[in-house]
1. Which number in (1) within 16 Å of ligand 1 (Cβ to nearest atom); (2) surrounded by 20 or more Cβ atoms within 10 Å (Cβ to Cβ) marks the one condition that residue 54 misses?
2. Could you tell me whether any residue of segment 167-179 is within 14 Å of ligand 1 (Cβ to nearest atom) and more than 10 Å from the chain's Cα centre (by Cα)?
3. Going by the structure shown, is residue 6 away from ligand 1 (no atom under 16 Å from the Cβ), open to solvent by less than 10 Å² (accessible area, probe 1.4 Å), over 22 Å from the mean Cα position of the chain (by Cα) and among the small types (Gly, Ala, Ser)?
4. Given the conditions (1) buried (at least 22 other Cβ atoms within 10 Å of the Cβ); (2) within 25 Å of residue 152 (Cβ to Cβ), which single one is not true for residue 32?
5. Against the definition (farther than 14 Å from residue 174 by Cα and either assigned by TED's automatic domain parsing to the domain that holds residue 258 or among the hydrophobic types (A, V, I, L, M, F, W, C) (or both)), how does residue 215 come out, yes or no?
6. Determine whether segment 78-90 contains at least one residue that is within 16 Å of ligand 2 (Cβ to nearest atom) and either closer than 30 Å to residue 327 by Cα or part of a loop (DSSP other than H, G, I, E, B) (or both).
7. Name the residues in segment 93-110 that are open to solvent by less than 40 Å² (accessible area, probe 1.4 Å) and outside any loop (DSSP other than H, G, I, E, B), would you?
8. Is it the case that segment 27-43 has a residue that's more than 30 Å from residue 180 (Cβ to Cβ), more than 16 Å from ligand 2 (Cβ to nearest atom), part of a strand (DSSP E or B) and polar (S, T, N, Q)?
Amino acid sequence: MTSMKAVTFAAFGAPEVLKATTVERPSAGPDDVLIAIRAAGVCYHDVLSRAGKIPGGKPDRILGHEIAGEIVEVGSNVPVERKGERVVIYQRLYCGLCRYCLSGRQDLCRNGRVLGESGGGGYAEFTCAPARNAIAMPEGLAMTAAALAVCPVGTSVRAALGVAQVEPGQTVLITGAGGGLGLHQIQVVKSVSAYAIAVTSSENKVDMLRQAGADEVIVSPDLKFSGEVWRRTAKQGVDVVLENVVSDTFGESLRSTAQNAIVVVLGNIGAKRVEVDPGLLIVRRIRIAGSGNATYKDVRMALHLMASGAVKPYIGAVLPFPRVSEGHAMMEQRTVVGRVVLSGW
Ligand SMILES: [Zn+2]
Ligand SMILES: [Zn+2]
């Protein structure tokens, strides 16, 4: 058996359950590639998984779905030229046969699973994935940045450019703008020359939001921001809302819209039901749409936006893999702004 270093957890619990250990190194099947992992992002989903808060999960597995690395071995059906390629891994292992996969929406495949959900994740020296999941990254992009392409940046691209199809000149309102998604969304929105209005409940995020490129920042501790949006848009309202909060903001978001606006729901903070005024939807022709994982196209766009400098990924800390429990603790206690990325042993 060839072994490798990895971080696993024997039981659900506090961040300290994550332990560096030695496990069997996976080997590439005929259609797979073996990837030496150079950087792995820590997602809030990992924090919930480790704590046992994701239904159906089991402990004793390798977490992590935000992976960048280098192909070091290829299966017999994979062109040998791919060896040495710098790649990110498309996080969803999909069937390739269902109607969603065949229409290019592998993110909607219901026969798939997400890397790391049932093991084989990014908190390790190596992982195996189908060759089709390994997406080549542009020259000059750092591994720590590339690791964020599939999840935080890709998710922002999906919502802003995929679902909302933001166009130059449109006005976009971003709620919970100071969070990990919001800071990337502002930059994605600015990359197509739209106007970004950021809403935050805390005064001390204003500078950061301006640096991210927000044209306007509304500080609204009581989350009654629609009047201010109305004032700052000369009573026109916004064309797009990227809703990262929803629970205590949705009504105000709907009231902030222009005619024919689209409100994209990404966040579910508080996981509470919200009220909708159907009259308002009808009068303003408001569309409400959910958004989730990136598509392949979104990941490629995320990589390109980062390589060109249009999107600067927010990395709060880079830690060696064995210190991942510190990263989880920082995220739980909200002492870090931006992603924690693992790199090096
Ligand atoms: Zn993630
Ligand atoms: Zn499928």
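The values are calculated or read from the model by the stated rules, or taken from the named source; none is laboratory data. Just so it is clear, the structure is predicted and the values come from calculations on it, not from any experiment. Note that each Cβ is placed from the backbone with ideal geometry, even for glycine, and that neighbours are counted across all protein chains shown. Side chains are part of the model used for accessible areas, which takes the heavy atoms of the whole protein and leaves out ligands, DNA and RNA. Shrake-Rupley method; radii C 1.70, N 1.55, O 1.52, S 1.80 Å.
1. (2)
2. Yes - at least one qualifying residue is present in segment 167-179.
3. So residue 6 fits the description; yes.
4. Of the numbered conditions (1) buried (at least 22 other Cβ atoms within 10 Å of the Cβ); (2) within 25 Å of residue 152 (Cβ to Cβ), the odd one out for residue 32 is (2).
5. Criteria not met by residue 215.
6. yes
7. 93, 101, 106, 107
8. No, that holds for no residue.
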